[in-house]
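Report on the structure given below.
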Amino acid sequence: MTTTASGIHPGSTYRDLASRHDGAPPGSSWGVFSEPDRGTANFAGPRQVREAAGLVRRGVVFGLDHALGAFDPPMSRSRSAPRHTIVSAHAQSRDDLLDGFFLQASSHLDGLRHRRVSGYGFYDGVPDDAVVEGEPRLGIQAWAEHPIVGRGVVLDLEGLFEADGAPLHHLDGPALDAAALDRAAARQGVTVEEGDIVLVHTGWARWFLDASAADRTAVREGRRSTGFAQHHDLLSWVWNHRIAVFGTDTFAVEVLPVAPTSPFRDTAPEDAGMMHQELIAKLGVPLGELWNLTALVEDSRTHGQWDAMVTIKPLAIVGGVGSPCNATAVR
């Protein structure tokens, strides 16, 4: 961890980051981590790993990935589900071949190359000519060589809204606010701590996979998905809690279409005002999308335990933009 010449450091508040005038983008954590390629995963250090290991008591394990081809066709119209072929050199052997393997078509982690800051560059000021195949800076391999391990905390928004008598209707693609995260934590009796891997459960991925073909087509063609409204409140919540990873079971973390009130329409016009620029390229937050949280949440509701040891080891693709999350929760 470091301190910039202007006094910005890992303990600075989001308000401090938003008021930067030192050449870095306002609202960014550029220059505060000694290992910038890890982004906010730096918050999950040795202490967090040791404490997370203490959460393993029952010996139960949960895989947090859906199958690679589960979302077929994927919500993103520019991606496709992979085609798996078993090949053989002779009658006694078998090998695998994947065609059309888009690494972010199913449960995945968005890396720090996924979005740049318009007018500035990629996270921590990495120039465009460094963000190419085989060049390691900001590559997903940083989290494969040194996997992200820590305390995972489930925030069950689906359960929260059902308890409120206002269940989420995913066909409509409702917008969520950051206050719901605090309400869920209070309802569950948990506290989000520095270095946590936050796992937000809305039920969206399970709904999409179980939905009729007509409903899946409707939300895909309308690019409509439950998620967080574009607002500085979510950025403040994520940064001020010093979380390592923000994982969800939603398509894009944020609501789509973008909320008409998004304050980022001028600074992120290419994405119609999405927050990916703010979360990934400015704050350095690894974003988890389409995660499989169903069984973990069912266990949480049954046993009243909302945390677990979580490990995340993406594919070791040097210079990769994203990867299947390869995430596991252990209790």
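The values are calculated or read from the model by the stated rules, or taken from the named source; none is laboratory data. Being a predicted model, the structure only gives us computed values, none of them experimental. FYI the Cβ positions are ideal-geometry reconstructions off the backbone, even for glycines, and counts take in every protein chain you see.
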| query | Name the residues in the range 68-86 that are farther than 18 Å from Asp215 by Cβ and either in contact with a strand residue (DSSP E or B) (Cβ under 8 Å, 6 or more places away or on another chain) or exposed (fewer than 15 other Cβ atoms within 10 Å of the Cβ) (or both), would you? | reply | Leu68, Gly69, Ser78, Pro82, Arg83, His84, Thr85, Ile86
| said: Here is a list: Arg187, Arg151, Arg206, Arg183. Which entry is of a type in the set (Lys, Arg), closer than 28 Å to Asn326 by Cα and outside any strand (DSSP E or B)? | reply: Arg206
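How many of the residues making up the range 317-331 are buried (at least 22 other Cβ atoms within 10 Å of the Cβ) and either aromatic (Phe, Trp, Tyr) or within 18 Å of Val198 (Cβ to Cβ) (or both)? Outline the logic, then answer.
Initial filter on the range 317-331 (buried (at least 22 other Cβ atoms within 10 Å of the Cβ)): 320, 322-323, 325, 327, 329.
Remaining after also requiring either aromatic (Phe, Trp, Tyr) or within 18 Å of Val198 (Cβ to Cβ) (or both): 325, 327, 329.
Of the residues in the range 317-331, 3 are buried (at least 22 other Cβ atoms within 10 Å of the Cβ) and either aromatic (Phe, Trp, Tyr) or within 18 Å of Val198 (Cβ to Cβ) (or both).
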| query | Counting only residues that are outside any helix (DSSP H, G or I), under 24 Å from Phe264 (Cβ atoms) and among the hydroxyl-bearing types (Ser, Thr, Tyr), how many does the range 1-53 have? | reply | 7
| request: Could you grab me the full set of residues in the range 223-236 that are buried (at least 22 other Cβ atoms within 10 Å of the Cβ) and either of a type outside the set (Val, Ile, Thr) or part of a helix (DSSP H, G or I) (or both)? | output: Ser225, Gly227, Phe228, Gln230, Leu234, Leu235
| message | Quick check on Gly273: is it part of a strand (DSSP E or B), under 20 Å from Met75 (Cβ atoms) and either modelled with pLDDT of 95 or more or of a type outside the set (Asp, Glu) (or both)? | response | no
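Scan the range 108-147 for residues that are assigned to a strand (DSSP E or B) and within 21 Å of Arg20 (Cα to Cα) and jot them down. Walk me through how you get there before you give the answer.
Keep residues of the range 108-147 that are assigned to a strand (DSSP E or B), which gives 108-110, 117, 121.
Listed by number, the residues that qualify are Val117, Gly121.
Anything in the range 237-256 that is part of a strand (DSSP E or B) and surrounded by fewer than 24 Cβ atoms within 10 Å (Cβ to Cβ)? List them, or say none.
Step one: of the range 237-256, the residues part of a strand (DSSP E or B) are 245-248, 254, 256.
Once the filter is applied, which keeps residues that are part of a strand (DSSP E or B) and surrounded by fewer than 24 Cβ atoms within 10 Å (Cβ to Cβ), the range 237-256 yields only Leu256.
In the range 233-264, how many are hydroxyl-bearing (Ser, Thr, Tyr), free of Cβ contacts under 8 Å to residues at least 60 places away in the same chain and farther than 20 Å from Gly203 by Cα?
Filtering the range 233-264 for residues hydroxyl-bearing (Ser, Thr, Tyr) gives 236, 248, 250, 261-262.
Applying the additional criterion that residues be free of Cβ contacts under 8 Å to residues at least 60 places away in the same chain yields 248, 250, 261-262.
Checking the rest, the ones that are also farther than 20 Å from Gly203 by Cα come to 261-262.
Matching residues across the range 233-264 total 2.
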| message | Can you report the number of residues in the range 64-95 which are farther than 21 Å from Glu221 by Cα and in contact with a helix residue (DSSP H, G or I) (Cβ under 8 Å, 6 or more places away or on another chain)? | response | 2
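Determine whether Gly139 is under 17 Å from Gly288 (Cβ atoms) and within 16 Å of the chain's Cα centre (by Cα).
Details: under 17 Å from Gly288 (Cβ atoms): no; within 16 Å of the chain's Cα centre (by Cα): yes.
No.
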| said: Pairs needed: first member in the range 207-229, free of Cβ contacts under 8 Å to residues at least 60 places away in the same chain and under 26 Å from Phe246 (Cα atoms); second member anywhere, of a type in the set (S, T, N, Q) and surrounded by fewer than 15 Cβ atoms within 10 Å (Cβ to Cβ); C-beta distance under 8 Å; at least 6 residues apart or different chains. | reply: Ala229/Thr261
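It is to be established whether one or more residues within the range 213-222 are closer than 17 Å to Met274 by Cα, out of contact with any Phe, Trp or Tyr (no Cβ under 7 Å at 6 or more places or on another chain), surrounded by fewer than 19 Cβ atoms within 10 Å (Cβ to Cβ) and not hydroxyl-bearing (Ser, Thr, Tyr). Walk me through it before giving the result.
Applying the first criterion (closer than 17 Å to Met274 by Cα) to the range 213-222 yields 222.
Then keep just the ones that are out of contact with any Phe, Trp or Tyr (no Cβ under 7 Å at 6 or more places or on another chain); that gives 222.
Narrowing further to those that are surrounded by fewer than 19 Cβ atoms within 10 Å (Cβ to Cβ): 222.
Narrowing further to those that are not hydroxyl-bearing (Ser, Thr, Tyr): 222.
Yes - at least one qualifying residue is present in the range 213-222.
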| message | Just to check your reading of the model, which residue among Gly121, Gly125, Gly139 is modelled with pLDDT of 95 or more, of a type in the set (Gly, Ala, Ser) and within 22 Å of Arg79 (Cα to Cα)? | response | Gly139
